[in-house]
Amino acid sequence: MKSFVLLVAVLSTPILKAQTSDSTFEDVKITVNNYFVGWKNKDADLLRSIFHPESKLKYINRDSKYEHVEIEKHINDITAADNKFLPPHIRDFTTINVFGDGAYAQVHLRFRTFEVMDFFNLLRIEGVWKIVNKVSVSNVLPPEVTDKN
């Protein structure tokens, strides 16, 4: 019986720790959303404020090869691009998970001819949420879907 009580206590502990306030979820969502605001407005200062300087962007390129870039290069690419770099799209936060000082956000972006799933890993560093890693994957939409747009 003692083993059962101990097992229940151990298994319950992460569930209790995983519970966070609505403001914590909102803070994570704001941080991730600021990525898209900074991208649209080509605001390098905003982008630098939400990323940890050692973070990386990782993705599969159009040739189906793995690539990764330092975040500073990604920010420079965003701010150097013309305004069509972030075309009109539908953005949906599909998942936000927070556990203590760590968080994960998944964002689905639907463009006219393709869709992207962005996966953000965040850490709360000195009380501020920072994106420490971003993984992005994309898929071309089939013609029957793109013809409707």
Reported set for segment 92-109 where residues are more than 21 Å from Ser23 (Cβ to Cβ) and either surrounded by 16 or more Cβ atoms within 10 Å (Cβ to Cβ) or in contact with a Phe, Trp or Tyr (Cβ under 7 Å, 6 or more places away or on another chain) (or both) is Leu109
Filtering segment 35-79 down to residues that are crowded, with 18+ Cβ neighbours inside 10 Å, of a type in the set (A, V, I, L, M) and not in a strand (DSSP E or B) yields Leu47, Ile50, Ile71, Ile75, Ile78
Only one of (1) surrounded by 13 or more Cβ atoms within 10 Å (Cβ to Cβ); (2) under 20 Å from Glu67 (Cα atoms); (3) modelled with pLDDT under 95 does not apply to Asn121, and that is (3)
Could you tell me whether any residue of segment 137-144 is of a type outside the set (Asp, Glu), part of a strand (DSSP E or B) and under 27 Å from Phe25 (Cβ atoms)?
yes
Practice item. Tell me, yes or no, whether segment 8-19 has at least one residue that is at pLDDT below 90, more than 23 Å from Gly102 (Cα to Cα) and in a helix (DSSP H, G or I). Key: yes
Residue count, segment 124-149, condition at pLDDT 95 or above, among the hydrophobic types (A, V, I, L, M, F, W, C) and crowded, with 16+ Cβ neighbours inside 10 Å, comes to 4
Asp45 vs (1) within 29 Å of Phe25 (Cβ to Cβ); (2) modelled with pLDDT under 95; (3) not aliphatic (A, V, I, L, M): all pass except (2)
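The values are calculated or read from the model by the stated rules, or taken from the named source; none is laboratory data. Predicted model, so just to flag it, every value in this text is computed and none were measured. Reconstructed Cβ throughout: ideal geometry from the backbone, glycine too, with neighbour counts over all protein chains shown.
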